[in-house]
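Report on the structure given below.
The values are calculated or read from the model by the stated rules, or taken from the named source; none is laboratory data. Fair warning: this is a prediction, and the values are worked out from it, not measured in the lab. Cβ placement follows ideal geometry from the backbone for every residue including glycine, while neighbour counts extend to all protein chains displayed. Areas reflect the complete protein model, heavy atoms only, side chains present, ligands, DNA and RNA absent. Shrake-Rupley method; radii C 1.70, N 1.55, O 1.52, S 1.80 Å.
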Amino acid sequence: MQGAGQQRWPPLGLLLLLLCVSGLQAEGESEEQKCLQEGGNLTVTCPYNINKYAFSLKAWQRVRSNGHLETLVITETRNADLNLAQAGRYLLEDYPTEAIIKVTMTGLQRGDAGLYQCVIHLTSQNLVILHHRIRLVQCSGLLELPGVPALIFVTCGIILNKGLVFSVLFVFLRKPRPQTNFTQLY
């Protein structure tokens with residue numbers, strides 16, 4: 001039986017599970033979706049481990065629906081400051097001192113919809129997938145409006161989701177402060 005001043009707290013495990021699940025939804029995805037805007041460009045930045053891969057070859061690949069990997073562009077140099085590679089509409093810039101790869105696809109077309117990935121190309125059979133894969137999708141509605149990137153919508157959703165979970169967790173885990181009766185102090 002609970003007293004009048006006691007509150008009933010939900011199980012801590014349930015709250016932690018809610019927090020974990022929301023984190024998995026927001027950050028545990030192995031793919032990031034980007035809107036394909038015909039005629040536009042796509043630029044992706046992929047970080048990598050500078051100690052392991054600064055002098056390795058890098059590549060941008062398309063992952064076909066059957067799992068076949070199509071290498072679209074690959075670096076052929078191993079310079080310390082900058083490695084550039086271009087093949088048609090694909091430009092790959094490797095900045096070893098910053099440990100990032102920047103890939104740009106120009107003149108996007110409907111046929112470009114699909115799954116892509118940045119990789120460290122150790123050998124043709126030994127690839128290291130960097131960051132997360134990018135799924136280029138046809139978008140409709142608000143996401144196709146020029147100047148309104150899909151990232152804004154995704155970011156707002158993640159922030160609202162995280163904010164809500166942390167707010168609920170804070171409310172349920174905060175300890176009640178002892179109340180002081182000021183009339184007894186005088």
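So is ALA87 out of contact with any Lys or Arg (no Cβ under 8 Å at 6 or more places or on another chain) and either modelled with pLDDT of 95 or more or open to solvent by less than 20 Å² (accessible area, probe 1.4 Å) (or both) or not? Spell out how you get there, then give the answer.
Details: out of contact with any Lys or Arg (no Cβ under 8 Å at 6 or more places or on another chain): yes; either modelled with pLDDT of 95 or more or open to solvent by less than 20 Å² (accessible area, probe 1.4 Å) (or both): yes.
For ALA87, the condition - out of contact with any Lys or Arg (no Cβ under 8 Å at 6 or more places or on another chain) and either modelled with pLDDT of 95 or more or open to solvent by less than 20 Å² (accessible area, probe 1.4 Å) (or both) - is met.
More than 15 Å from ILE134 (Cβ to Cβ), crowded, with 16+ Cβ neighbours inside 10 Å and within 20 Å of the chain's Cα centre (by Cα): is that true of ALA99 in this structure?
yes
Scan the range 124-145 and give yes if some residue there is touching a Pro at 6+ places or on another chain (Cβ under 8 Å), surrounded by 15 or more Cβ atoms within 10 Å (Cβ to Cβ) and at pLDDT below 95, otherwise no. Walk me through how you get there before you give the answer.
Step one: filter the range 124-145 for residues touching a Pro at 6+ places or on another chain (Cβ under 8 Å), giving 130-131.
Now narrow it down to the ones that are surrounded by 15 or more Cβ atoms within 10 Å (Cβ to Cβ): 130-131.
When the remaining residues are screened for being at pLDDT below 95, the result is 130-131.
Yes.
Might you check whether a residue that is open to solvent by 40 Å² or more (accessible area, probe 1.4 Å), over 17 Å from GLN138 (Cα atoms) and at pLDDT 95 or above occurs anywhere in the range 30-45? Let's see the steps before the verdict.
So in the range 30-45, the residues open to solvent by 40 Å² or more (accessible area, probe 1.4 Å) come out as 30-34, 37-39, 41, 43, 45.
Restricting the remaining residues to those that are over 17 Å from GLN138 (Cα atoms) gives 30, 45.
This time we only want the ones that are at pLDDT 95 or above, so: 45.
Yes, that holds for at least one residue.
Only one of LYS162, LYS102 is modelled with pLDDT of 90 or more, of a type in the set (Lys, Arg) and not in a loop (DSSP other than H, G, I, E, B). Can you tell me which?
LYS102
Residues in the range 114-123: is at least one assigned to a loop (DSSP other than H, G, I, E, B) and either touching a Lys or Arg at 6+ places or on another chain (Cβ under 8 Å) or surrounded by fewer than 11 Cβ atoms within 10 Å (Cβ to Cβ) (or both)?
no
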